[in-house]
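To start, the structure itself, in structure tokens.
Readers should treat all values here as calculations from the given coordinates under stated rules, not as data from a laboratory. This structure is a prediction, so every number in the text was calculated from the model and none was measured. For neighbour counting, all protein chains shown are included, and Cβ atoms are generated from backbone atoms with ideal geometry for every residue, glycine included.
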Amino acid sequence: MWTTPRDDWALGEDEAVRWDELFDDLEGQLDAQAAAELAGEVADRTRRELALVELTDRVVSHVGRPLVLHLVDGSSHEGVVTDVAQQWLVLQDPATADLVGRGWAGQGPVLVRVGSVASPVGLGSAAATTGRDSVRRRISLSSALRAVARDRSPVRLGLADGSVPTGTLDAVGADHVDLAEHPADEPRRAGAVRRVRTVPFTSLAWLRPAPGSSSSLSVDLR
């Protein structure tokens, strides 16, 4: 079959169009592959980052907001998160944290051992990891309890077995505390102390000022 130069030009033009379409299709495939790889990398990075997030990282991001904590002793506590460390946190009674009118009874602040938390309700998904090594977060539970003990005000302890003894913290060890049990309306005197109870930290769920106490559970160790 004979072809004229014009026919050859037309065939070449058709071939060029076909190649352009092939290249466009290939480019589209590469773009889709790159997008899929990027999405996979982002998802993988997100999974790795989430794997490093601890409960307290999320609670730190929740400071200043209300939270409900259900604990292993069967108790529930709700309030505004005011202090967070690796081993403990403090919820402030909403009635004294500018949240009056939400129907929560005033019970004062409560210090909760993080290990006793069964499930938080209302915790945001954001996590603060940049402040992981801050001084505040390195304060141990024993250091926080020593600060409370120095106040010498009566406190209530919520224990894992459901009991709630009242008294004054006499001594705080590395992993336990001694509570001199006495009525909340009496000062810690030898005649008022019924007994001294030693409580391992693993049995402690929460601590809060006894009714009528002036303690604010302010853990300021600076």
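Mind giving me the FRET efficiency for VAL164 and ALA39? R0 is 45 Å, r the Cβ-Cβ distance, nearest 0.05 is fine. Efficiency, from the Cβ-Cβ distance: 0.30. Modelled label positions at SER76 and SER119, each set 7 Å beyond Cα in the direction of Cβ, lie 1.1 nm from each other.
Which order do THR166, THR202 fall in if you start with the one that has the fewest other Cβ atoms within 10 Å?
Ascending Cβ contact count within 10 Å gives the list THR202, THR166.
Applied to the range 118-125, the Karplus parametrisation 6.51 cos²θ - 1.76 cosθ + 1.60 on θ = phi - 60° returns per-residue 3J(HN,Hα) values of 7, 6, x, 10, x, 7, x, 8 Hz, with x for Gly and Pro. Shown is the FRET efficiency for ARG189 and SER140, computed with R0 = 35 Å from the Cβ-Cβ distance and rounded to the nearest 0.05: 0.70.
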